[in-house]
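> One structure follows; several queries about it will come next.
The values are calculated or read from the model by the stated rules, or taken from the named source; none is laboratory data. Here the structure is a predicted model, which means the values were calculated and not measured. Note that we place each Cβ from the backbone using ideal geometry, even for glycine, and neighbour counts take in every protein chain shown. Each accessible area value is taken on the protein alone, full model and side chains, heavy atoms only, with ligands, DNA and RNA left out. Shrake-Rupley method; radii C 1.70, N 1.55, O 1.52, S 1.80 Å.
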Amino acid sequence: MKKGLLITIDGPAGSGKSTVSRLLAKKLSYLYLDTGALYRAVACQAIRNGVSATDEEGVAELCRRTEIRLRRVDDVLKVFVDAQDVTEKIRTEPVGLLASTLSAMPVVRSSLLTIQRESGKNGGIIAEGRDMGTVVFPDADLKFFLDADIEERARRRYMELVVRGEEMDYQSLKKDLLYRDRQDRERAVAPLRVPEGAVMVDSTQLSIDAVVKAMLAAIPEQR
Ligand code: DC
């Protein structure tokens, strides 16, 4: 039985998707599915095993033998790679960049499809990523596309890293984000696109609370 709506949020890196998705999920008592974490988990495993992004066969083999699982701890889904909790470890910029590169490979995308659809099948979920409303959950009850201009996205990412004590210069961070944007938007399989019928939210000038409020106003049950 469906426990609630299946809501998707797509958008580029730094648009505020994760923060907003987490808050929305909390507000609605829904589960928050962070699909970027799955791609990051594959990237993390590639680094650990010394598999390069140019080694397609190596990456395919890695996907075949790596077990990626999501486990619900309180209201959060934690990511496990071969039974090891990597939820925190995957949150670095190099892992994000490699995740973007690997996510262009069809073998990587298809290896993660079942786990995503399984998590969403009963509804009551906020699914966040790049292809949620276009490929993974085309029949979602409600779709959002969250965007913000590049300066603001880079600024937010920079602040996140500062809070976490990670050193990175603002200009290189912005360059990495632009590179990642291009890679995610221009890949042949499941590129980042605005899903048909999606509610567009530009968060450049909005506080997190204002974004959450705007989104809640678009959810039929919350009006
Ligand atoms: O959201 P994130 O920064 O954690 O995602 C890391 C990378 O994973 C992102 O640059 C592209 C890829 N990704 C994807 O291709 N499809 C998704 N649904 C989620 C993430």
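> Identify which of Lys174, Lys17, Lys213 has the largest mean-square fluctuation in a Gaussian network model of the chain, with springs joining Cα atoms closer than 10 Å.
Between Lys174, Lys17, Lys213, it is Lys213 that shows the largest mean-square fluctuation.
> Evaluate the charge dipole of the chain about its Cα centre and quote only its size in Debye, nearest 20, assuming +1 on the Cβ of each Lys and Arg and -1 on the Cβ of each Asp and Glu.
On the way: 35 positive and 34 negative charges, 107 e Å.
Roughly 520 debye for the chain.
> Next question. Net charge around Gln116, counting only other residues with Cβ within less than 12 Å of its Cβ (Lys, Arg = +1; Asp, Glu = -1)?
That works out to 0.
> Of all DSSP beta bridges in the chain, what percent run antiparallel (nearest 5)?
DSSP beta bridges in the chain are roughly 30 percent antiparallel.
> In addition: Can you tell which of Arg187, Arg164, Arg109 shows the greatest fluctuation in a Gaussian network model of the chain with Cα springs below 10 Å?
Between Arg187, Arg164, Arg109, it is Arg164 that shows the largest mean-square fluctuation.
> Still on this structure, I have one more. Under a point-charge model restricted to the Cβ atoms of Lys and Arg (+1) and Asp and Glu (-1), what is the dipole moment magnitude of region 76-191 relative to its Cα centre, in debye to the nearest 20?
Dipole size: approximately 180 debye.
> While we're on this one: To the nearest Å, what is the center-to-center distance of region 1-58 and region 145-186, using C-alpha atoms only?
17
> Quick one: accessible area per residue over the chain, 1.4 Å probe, rounded to a whole number of Å²?
Per residue, the chain has an accessible area of 50 Å².
> Given Ile150, Val194, Gly165, which one lies farthest toward the positive end of the charge dipole of region 145-197, if we put +1 on the Cβ of every Lys and Arg and -1 on the Cβ of every Asp and Glu?
Checking the options against the dipole of region 145-197, the answer is Val194.
> Something else: Which residue fluctuates the most in the chain, going by a Gaussian network model with Cα springs under 10 Å, if the choices are Gly96, Gly58, Gly50?
Gly50
> Still on this structure, I have one more. Where in region 128-223 are there GluC sites (Glu not before Pro) that are in a DSSP coil and have at most 14 other Cβ atoms within 10 angstrom of their Cβ? Don't jump to the answer; show the numbers that get you there.
Values: sites: Glu128, Glu151, Glu152, Glu160, Glu166, Glu167, Glu186, Glu196, Glu221; in loops: Glu166, Glu167, Glu196.
Hits after loop and neighbour filter: Glu166, Glu167, Glu196.
> Right, something else. Share of region 84-185's accessible area from carbon and sulfur, percent, 1.4 Å?
Reported share for carbon and sulfur atoms: 54 percent.
> On to the next question. Could you rank Val189, Val162 by how accessible they are, 1.4 Å probe, largest area first?
From most exposed to least exposed: Val162, Val189.
> Now for a different question. Extending each Cα 7 Å along its Cβ direction at Glu151 and Glu196, get the distance between those two points in nm, one decimal.
Each label point lies 7 Å from its Cα, and together they span 3.7 nm.
> Right, here's the next one. Label point 7 Å out from Lys3 along Cα-to-Cβ: which residues of region 117-148 have amide N under 12 Å?
119-126
> Something else now. Any idea of Thr114's accessible area? Nearest 10 Å², probe 1.4 Å.
100
> Next up: When the helices in the chain are scored as -39500 (n - 2.57) per DSSP H run of 4 or longer and the sum is shared across all residues, what 222 nm value do you end up with, to the nearest 500 deg cm²/dmol?
Values: 9 runs with 102 residues, N = 223.
Counting only the DSSP helices, I get -14000 deg cm²/dmol.
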